[in-house]
């Protein structure tokens with residue numbers, strides 16, 4: 001059936017017992033359809049004592065749904081309705097109340113926050129079985145394959161023995177990570193039928209957004225709740241999170257064999273111009289039709305030619321996007337690239353700084369991760385304060401202080417060791433906040449920074465808070481192996497210039513990774529590939545993840561899409577070997 005208002009109303013108002021699966025491309029209005037279905041289910045439930053659950057991929061998506069429910073629908077969710085991520089859902093209804101059933105000593109497991117690997121990295125590195133820092137992030141993607149064996153979805157360089165070491169460290173603390181949360185929840189539902197019956201009874205319907213990014217065990221959990229009706233929505237063209245264990249084939253197989261599910265496809269694109277939609281249709285597994293306010297705008301997709309470097313490319317992009325114009329209610333532009341570490345390089349080149357990417361911090365990170373965390377978090381705190389992110393600035397200071405005094409993540413510190421309570425601990429953070437913002441980092445070297453910081457912490461705690469902590473500050477007495485010459489000549493400001501904040505920490509940031517940009521849009525988009533080979537991978541049909549990464553990047557654009565990579569010349573374009581794309585050359 002052709003995509004239309006009538007079709008969408010039909011989907012949203014199907015009987016509450018119907019299970020539905022919807023393929024919806026970028027800019028298709030899938031969030032509105034999800035909200036409309038949620039409202040209908042809440043109003044027409046046939047089981048008064050049951051609730052509805054709406055599972056989102058991120059907390060940002062949850063916030064958007066709740067905000068739009070209030071603003072657009074003027075609808076208040078009934079008490080007991082759940083809106084949130086899959087990890088929050090499983091933690092609240094299975095892990096927190098029942099995970100003790102999986103413990104040999106009957107103790108409940110506690111969900112670790114993101115970034116927990118930084119806490120365990122010292123314990124792991126002591127075994128000399130992990131290389132720091134390459135595998136630090138990978139530690140958080142250690143999950144379970146279909147047989148229940150450990151597998152690292154982000155790296156193939158970590159052995160099963162090494163994975164077992166980390167999992168044992170975590171589980172011995174009665175902590176679990178996000179991968180464990182899914183697997184443990186699956187085990188609880190599989191081993192204890194009464195829990196499966198209780199959860200099925202509690203929720204008469206479950207809606208799941210971004211279903212293309214579900215993992216094997218997430219899908220198994222939903223299959224176990226076989227008496228509950230479902231609403232799944234996603235886009236197989238936008239599955240780019242294999243490092244979490246996501247399997248796009250799950251969604252694709254459901255589309256091919258819907259079974260008990262009613263299947264629909266939304267083909268309208270309300271976001272982009274006809275040129276952008278046509279450009280992306282060359283890659284997509286199902287085609288879209290431009291049908292929004294931008295559809296009639298005549299604007300070519302631009303391939304920037306013969307730009308010697310990033311700075312020239314960005315300058316050319318800005319000249320063009322200004323001519324295209326802006327939209328009052330939308331982000332004016334985004335600059336996207338694949339890897340997070342590339343962001344710093346791009347930022348420096350835009351600003352005219354031709355320097356090695358974060359040389360001091362990268363070297364320190366390899367030599368001593370604890371001191372790296374201390375420096376990095378304190379300087380991030382300064383940058384966050386300048387961006388008026390005061391709360392996040394204090395959080396960064398707390399992370400650094402926890403490293404200095406306890407060498408632990410703040411979630412695991414014992415304040416009684418220094419005779420503090422939470423209020424005193426907070427006062428110390430605020431004291432450091434004020435001290436940082438009073439320093440002249442243009443003249444202060446890294447060497448003097450550590451010495452001055454130690455003096456401030458010692459004096460502030462003793463004189464202002466009445467508690468001596470000098471013996472806990474030995475981490476600031478550092479001899480800087482292999483960096484003795486650097487620390488006496490490099491200023492704190494020079495190191496701070498090497499740091500770029502994670503775009504997730506400041507929504508105003510226009511430079512971000514493609515993965516972080518998923519779910520966002522902007523009037524104009526500049527996509528920067530690392531080289532011709534990467535651009536060629538992005539332009540292929542969406543049957544591989546790297547091709548889908550390109551698709552996600554290109555589909556963020558509303559009116560103007562611009563693409564560049566080093567070495568892109570008239571000759572270079574021919575070497576891409578990806579025919580069929582219609583774009584204009586600007587050389």
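The values are calculated or read from the model by the stated rules, or taken from the named source; none is laboratory data. These numbers were taken from a predicted model, which means no experiment stands behind them. Neighbour counts run over all protein chains shown; Cβ positions are idealised from the backbone, glycine included.
Which residue pairs have Cβ atoms under 6 Å apart, sit 6 or more places apart or on different chains, and have a first residue in region 293-307 that is on the phi > 0 side of the Ramachandran plot and surrounded by fewer than 20 Cβ atoms within 10 Å (Cβ to Cβ) and a second that is in a loop (DSSP other than H, G, I, E, B) and modelled with pLDDT under 95?
Matching pairs, first to second residue: 306/569; 306/587.
Conditions: (1) within 30 Å of residue 48 (Cβ to Cβ); (2) under 23 Å from the mean Cα position of the chain (by Cα). Residue 198 meets all but one. Number of the miss?
(2)
Quick one: residue 254 ticks every box in (1) under 30 Å from residue 180 (Cβ atoms); (2) in contact with a strand residue (DSSP E or B) (Cβ under 9 Å, 6 or more places away or on another chain); (3) modelled with pLDDT of 95 or more bar one, so which box is it?
For residue 254, the failing item is (3).
Could you say which residue among 244, 285, 273, 249 is more than 27 Å from the chain's Cα centre (by Cα) and within 22 Å of residue 550 (Cα to Cα)? Full working, then the answer.
On the way: 244 fails: more than 27 Å from the chain's Cα centre (by Cα); 285 fails: more than 27 Å from the chain's Cα centre (by Cα); 249 fails: more than 27 Å from the chain's Cα centre (by Cα).
Just a single option satisfies the conditions, and that option is 273.
Could you tell me how many of the residues in region 72-85 are within 19 Å of the chain's Cα centre (by Cα) and over 17 Å from residue 229 (Cα atoms)? It would help to see each step written out before you state the result.
Pass one, region 72-85, residues within 19 Å of the chain's Cα centre (by Cα): 83-85.
With the extra rule that they be over 17 Å from residue 229 (Cα atoms), the set shrinks to 84-85.
Residues meeting the conditions: 2.
Residue check, residue 212 against (1) buried (at least 24 other Cβ atoms within 10 Å of the Cβ); (2) in contact (Cβ under 8 Å) with a residue 60 or more places away in the chain, all met but one. Which one?
Answer for residue 212: the failing condition is (2).
Return the residue satisfying two criteria in turn: it lies in region 257-285 and is in contact with a strand residue (DSSP E or B) (Cβ under 7 Å, 6 or more places away or on another chain) and farther than 14 Å from residue 27 by Cβ, and of such residues it is surrounded by the fewest Cβ atoms within 10 Å (Cβ to Cβ).
Filtering region 257-285 for residues that are in contact with a strand residue (DSSP E or B) (Cβ under 7 Å, 6 or more places away or on another chain) and farther than 14 Å from residue 27 by Cβ, the one surrounded by the fewest Cβ atoms within 10 Å (Cβ to Cβ) comes out as 260.
So residue 432 clears everything in (1) more than 32 Å from the chain's Cα centre (by Cα); (2) assigned to a helix (DSSP H, G or I) except one condition, right? Which one?
The single condition residue 432 does not satisfy is (1).
Return the pair list, or none, for Cβ contacts closer than 9 Å from residues in region 1-14 that are touching a residue at least 24 places away in the same chain (Cβ under 8 Å) to residues that are loosely packed, with under 13 Cβ neighbours inside 10 Å and part of a loop (DSSP other than H, G, I, E, B), at least 6 apart or on different chains.
So the pair list comes out as 7/1; 13/44.
Kindly evaluate residue 206 against the criterion of being part of a strand (DSSP E or B) and modelled with pLDDT of 90 or more.
Details: part of a strand (DSSP E or B): yes; modelled with pLDDT of 90 or more: yes.
So residue 206 fits the description; yes.
Within region 447-457, is there a residue that is modelled with pLDDT of 90 or more, more than 28 Å from the chain's Cα centre (by Cα) and assigned to a loop (DSSP other than H, G, I, E, B)?
Within region 447-457, none of the residues are modelled with pLDDT of 90 or more, more than 28 Å from the chain's Cα centre (by Cα) and assigned to a loop (DSSP other than H, G, I, E, B).
Report whether or not residue 545 is out of contact with any strand residue (DSSP E or B) (no Cβ under 8 Å at 6 or more places or on another chain) and at pLDDT 70 or above. First the steps, then the outcome.
Values: out of contact with any strand residue (DSSP E or B) (no Cβ under 8 Å at 6 or more places or on another chain): yes; at pLDDT 70 or above: yes.
Judged against the criteria, residue 545 is a match.
Within region 313-419, which helices (runs of 4 or more DSSP H) (wholly inside it) include 2 or more residues that are within 26 Å of residue 519 (Cα to Cα) and modelled with pLDDT under 90?
Numbers: elements: 340-350, 359-367, 369-386, 390-405.
The qualifying helices (runs of 4 or more DSSP H) are 340-350, 369-386, 390-405.
When the residues of region 22-60 are narrowed to those that are part of a loop (DSSP other than H, G, I, E, B), over 27 Å from the mean Cα position of the chain (by Cα) and touching a residue at least 12 places away in the same chain (Cβ under 8 Å), which ends up farthest from residue 202 (Cα to Cα)? Spell out how you get there, then give the answer.
Let us first name the residues in region 22-60 that are part of a loop (DSSP other than H, G, I, E, B), namely 25-29, 44-50, 57-58.
Then keep just the ones that are over 27 Å from the mean Cα position of the chain (by Cα); that gives 44-50.
Next, from what is left, pick out any that are touching a residue at least 12 places away in the same chain (Cβ under 8 Å): 44-47, 50.
Details: 44: 16, 45: 12, 46: 13, 47: 10, 50: 5 Å.
So, considering only residues that are part of a loop (DSSP other than H, G, I, E, B), over 27 Å from the mean Cα position of the chain (by Cα) and touching a residue at least 12 places away in the same chain (Cβ under 8 Å), the one farthest from residue 202 (Cα to Cα) is 44.
If you take the residues of region 458-481 that are part of a loop (DSSP other than H, G, I, E, B) and at pLDDT 90 or above, which of them is surrounded by the most Cβ atoms within 10 Å (Cβ to Cβ)? Let's see the steps before the verdict.
Kept after step one, since they are part of a loop (DSSP other than H, G, I, E, B), are these residues of region 458-481: 465-469, 473, 477-481.
Subsequent filtering for residues that are at pLDDT 90 or above retains 465-469, 473.
Values: 465: 17, 466: 9, 467: 12, 468: 12, 469: 19, 473: 17.
Ranking the candidates gives 469 first.
Given the criterion at pLDDT below 70, surrounded by 13 or more Cβ atoms within 10 Å (Cβ to Cβ) and not in a helix (DSSP H, G or I), identify the matching residue among 115, 143, 84.
Numbers: 143 fails: at pLDDT below 70; 84 fails: at pLDDT below 70.
One residue alone meets the criteria, 115.
To keep it simple, each residue is scored yes or no on (1) part of a strand (DSSP E or B); (2) more than 28 Å from the chain's Cα centre (by Cα); (3) buried (at least 19 other Cβ atoms within 10 Å of the Cβ).
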site: 20; (1), (2), (3): yes, no, yes
site: 70; (1), (2), (3): no, no, no
site: 90; (1), (2), (3): no, no, yes
site: 94; (1), (2), (3): no, no, yes
site: 105; (1), (2), (3): no, yes, no
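Determine if region 229-237 includes at least one residue that is surrounded by fewer than 22 Cβ atoms within 10 Å (Cβ to Cβ), farther than 21 Å from residue 32 by Cβ and either touching a residue at least 24 places away in the same chain (Cβ under 8 Å) or touching a helix residue (DSSP H, G or I) at 6+ places or on another chain (Cβ under 9 Å) (or both).
For region 229-237, residues surrounded by fewer than 22 Cβ atoms within 10 Å (Cβ to Cβ), farther than 21 Å from residue 32 by Cβ and either touching a residue at least 24 places away in the same chain (Cβ under 8 Å) or touching a helix residue (DSSP H, G or I) at 6+ places or on another chain (Cβ under 9 Å) (or both): absent.
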